[in-house]
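The values are calculated or read from the model by the stated rules, or taken from the named source; none is laboratory data. Not measured: the values here are computed from a predicted model. Heads up, the Cβs are rebuilt from the backbone with ideal geometry, glycines too, and the neighbour counts pull from every protein chain shown. Side chains are part of the model used for accessible areas, which takes the heavy atoms of the whole protein and leaves out ligands, DNA and RNA. Shrake-Rupley method; radii C 1.70, N 1.55, O 1.52, S 1.80 Å.
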Amino acid sequence: MTVKHVLNDQLAMGYAAGVLPEAFDLVVAAHLSLSDESRALVNSYEAVGACVMEECETVEMSNTALSATLSRIKANDAITPRVKPSGILPAPIQKYVGGDVDKVKWKPLGGGVKQAILPTDGTAQARLLFIPAGQSVPDHGHQGTELTLVLQGSFSDEVDHFARGDIEIANEDLDHQPVASLDADCICIAATDAPLRFNSLIPRLLQPFFKI
Ligand code: ZN
């Protein structure tokens, strides 16, 4: 599958180094299961990391270092994409939901738009969004980084058109109003590390209730 909108270097490097917040890690892992190009980019940064490790001076390790490392790798399996997705939700997301889209516990946001916040740790938050065909989400800006990965259908905004596997990386410089395409309901996963800045009153008033 050819994915048009892929990771930037900063995110690929952060993912390879394991320093992203869990919510961002999850969105990137899901994107990697859909984009060969981004997977190759992350692999190249992992290779750079391995070279740096080899150049490091050797130090004495404790007896438990190996088993501790192995158990960390095992724990990290939850968000490491290995298998190609068989449903709408890629495997890393299915682990949080307990299955595919039919298992998602949606909460209405109005206008047919629904969300489900996923249980990730840390300051960043991950949510699944359901936007009915032809429906828009309120016009907004960002106070931090927002990663949006399309899982079903597609949407368009001021930047471009985004379809399954595409990731949109938005920051303080972007104000946009994503609109789902008319041909299918759009399902996305979005991660944010700061509240959105809505440009109209009603969404701003409702914002605390929806934790968005
Ligand atoms: Zn946004």
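Mind checking the full-extension length gain between HIS161 and ASN63? Use 0.36 nm per residue of separation minus the Cα-Cα distance, one decimal, nm.
30.0 nm is the gain from fully extending HIS161 to ASN63.
Report the Cα centroid-to-centroid distance between the range 137-212 and the range 114-134 in angstrom, as an integer.
Taking the Cα centre of each part, the range 137-212 and the range 114-134 sit 10 Å apart.
State the extension gain, in nm to one decimal, for the chain segment bounded by SER86 and LYS4, taking 0.36 nm per residue of separation less the distance between their alpha-carbons.
Going from the current span to full extension adds 27.4 nm.
Quick one, could you list the DSSP H helices from the chain stretching 18 Å or more along their long axis (Cα atoms) with average Kyte-Doolittle hydropathy of -1.0 or above?
36-55
Per residue, how many Å² of accessible area does the chain show with a 1.4 Å probe?
Per-residue accessible area for the chain comes out at 54 Å².
Could you calculate the FRET efficiency of ASP185 with ALA40 from 1/(1 + (r/R0)^6), where r is the beta carbon distance between them and R0 is 35 Å, rounded to 0.05?
0.65
In whole percent, and with a 1.4 Å probe on the protein chains, what portion of the accessible area of the chain is carbon and sulfur?
57
Over the chain, what is the relative contact order in whole percent, taking alpha-carbon pairs under 8 Å and six or more residues apart?
Reported relative contact order: 22 percent.
Roughly what would the spin-label model give for LYS103 and PHE209, points 7 Å off Cα along C-beta, in nm?
Taking the simple label geometry, LYS103 and PHE209 are separated by 3.0 nm.
I want the local charge near GLN177. Using Cβ-Cβ distances under 10 Å, sum +1 for each Lys or Arg and -1 for each Asp or Glu among the other residues.
-4
Rg (Å, one decimal) plus Dmax (Å, integer) for the alpha carbons of the chain?
18.3, 61
Between ALA194 and VAL48, what FRET efficiency comes out of the Förster formula 1/(1 + (r/R0)^6) with R0 = 35 Å and r the beta carbon distance, rounded to 0.05?
Calculated value: 0.75.
Mind grabbing the base-10 log of I(q)/I(0) for the range 97-210 at q = 0.13, 0.17, 0.22, 0.24 Å⁻¹? Debye formula, identical points on the C-alpha positions, no solvent, two decimal places.
Per q value, in the given order, log10 I(q)/I(0) is -0.45, -0.82, -1.48, -1.77.
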